[in-house]
Amino acid sequence: MRIAVPNKGRLHEPTIDLLERAGLHLENGADRQLYADTVDPDVSVLFARAADIPEYVADGAADMGITGYDQVREAQVTDVAELLDLEFGRCRLVLAAPEDGSIASVDDLAGGTVATEFPNVTREFFAERGLEPNVVEVSGATELTPHVEISDAIVDITSTGTTLKMNRLGVVEEVLSSSVRLFAREDVREEPKIQEVRTALASVKQAEGKRYLMMNVPEDRLDDVRDVIPGLGGPTVMDIANGGGEKVAVHAVVDERAVFETITDVKQAGASDILVTEIERLVE
Ligand SMILES: Nc1ncnc2c1ncn2[C@@H]1O[C@H](COP(=O)(O)OP(=O)(O)OP(=O)(O)O)[C@@H](O)[C@H]1O
Ligand SMILES: O=P(O)(O)OC[C@H]1O[C@H](OP(=O)(O)OP(=O)(O)O)[C@H](O)[C@@H]1O
Ligand SMILES: [Mg+2]
């Protein structure tokens with residue numbers, strides 16, 4: 001099985017980082033190389049442009065892909081299925097127009113011109129409103145086009161809003177909201193190896209924002225400690241070897257945001273030797 005991942009740009013690093021954390025360590029993947037192996041002999045990686053990845057998966061050059069939902073939509077691929085929202089690369093595709101201009105609503109673009117790197121998504125968006133503006137495809141610096149009479153408005157990516165503001169453009173309407181997704185071709189999505197990759201990536205997401213708490217508790221205080229440990233099922237309680245049977249070990253997965261309070265609470269309830277560690281992966 002082959003996974004297509006972004007070869008450069010803002011999605012490259014976080015994607016590689018996620019694969020590593022999921023245990024799919026890359027090997028033989030020198031810089032600028034097209035392919036890399038992973039520690040799993042059945043999983044290899046193909047590096048491609050973020051925009052090309054959906055097509056590569058649909059065509060069979062790869063079986064799975066990791067790229068932005070905006071790119072999957074723009075590629076108009078039909079036989080791929082989304083497996084997982086990886087929740088990074090969050091951005092919005094918006095219709096935007098000059099702040100001081102005459103475009104205030106989608107309808108104002110009837111007969112107008114829209115510049116974008118996403119012509120398919122853009123046409124679809126307007127078609128749903130019964131509109132068919134002139135769509136000009138550009139390959140970058142889309143924000144400049146309304147100021148040089150190439151367009152009346154743009155459909156482009158925004159996240160912090162800085163670029164729009166710098167170019168004196170205001171959002172008219174959201175076209176879609178995006179984040180990075182794992183997807184696979186329909187005909188292979190049920191393959192065990194693909195499910196294995198999905199589970200591995202999901203386990204990293206699961207572990208994010210969670211901490212593992214370990215502590216020793218006198219047996220007669222166990223109920224008090226149990227009462228103040230929040231979240232994720234009951235804690236695991238274990239006998240301590242040579243503990244004389246008076247103390248037990250209590251382990252629990254706790255939301256990161258609750259750790260501070262929980263430590264205070266369990267200590268008060270009688271726990272000692274409290275340890276907090278990060279969790280790499282969590283499969284529920
Ligand atoms: N400002 C942003 N904030 C969050 N996500 C973004 C942003 N810009 C782009 N993305 C996401 O990253 C994907 C890839 O963006 P893009 O194709 O522009 O590559 P890049 O990382 O900017 O590299 P380059 O443009 O140099 O090729 C987009 O399709 C989108 O899903
Ligand atoms: O709302 P903001 O936080 O300003 O982000 C939006 C900008 O980010 C992306 O460009 P990128 O930085 O990837 O540069 P690029 O045009 O070279 O792709 C996108 O094309 C916008 O221009
Ligand atoms: Mg970019």
Can you go through 118, 125 and tell me which one is surrounded by 16 or more Cβ atoms within 10 Å (Cβ to Cβ), among the hydrophobic types (A, V, I, L, M, F, W, C) and farther than 24 Å from residue 11 by Cα? 125
Note down all Cβ pairs under 7 Å where the first residue falls in the range 250-279 and is within 18 Å of residue 223 (Cα to Cα), the second is among the charged types (D, E, K, R) and assigned to a helix (DSSP H, G or I), and they're at least six residues apart or on different chains. 269/221; 269/224; 270/221; 270/224; 274/267
Selection status of residue 94, away from ligand 1 (no atom under 16 Å from the Cβ), in contact (Cβ under 8 Å) with a residue 12 or more places away in the chain and in a strand (DSSP E or B): no
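If the requirement is being under 22 Å from the mean Cα position of the chain (by Cα), within 16 Å of ligand 1 (Cβ to nearest atom) and basic (Lys, Arg), which of these qualifies: 2, 49, 21, 32?
Just one listed residue meets the conditions, 49.
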Residue 140, sole failed condition from (1) assigned to a loop (DSSP other than H, G, I, E, B); (2) within 16 Å of ligand 2 (Cβ to nearest atom); (3) at pLDDT 95 or above: (3)
In the list 172, 180, 188, which residue meets the criterion of being within 30 Å of residue 39 (Cα to Cα), open to solvent by less than 60 Å² (accessible area, probe 1.4 Å) and within 16 Å of ligand 2 (Cβ to nearest atom)? 180
What helices (runs of 4 or more DSSP H) completely inside the range 1-79 contain at least 1 residues that are closer than 14 Å to residue 184 by Cα and touching a residue at least 12 places away in the same chain (Cβ under 8 Å)? 53-59, 69-75
Report those strands (runs of 3 or more DSSP E) wholly inside the range 173-261 carrying at least 2 residues which are on the phi > 0 side of the Ramachandran plot. none
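The values are calculated or read from the model by the stated rules, or taken from the named source; none is laboratory data. A quick note: this is a predicted structure, and the numbers were derived from the prediction, not measured. Neighbour counts are summed over all protein chains in view; Cβ atoms, including those assigned to glycine, are modelled from backbone coordinates with ideal geometry. Ligands, DNA and RNA are stripped out before the accessible areas are found, and what is left, the full protein with its side chains, is counted by its heavy atoms. Shrake-Rupley method; radii C 1.70, N 1.55, O 1.52, S 1.80 Å.
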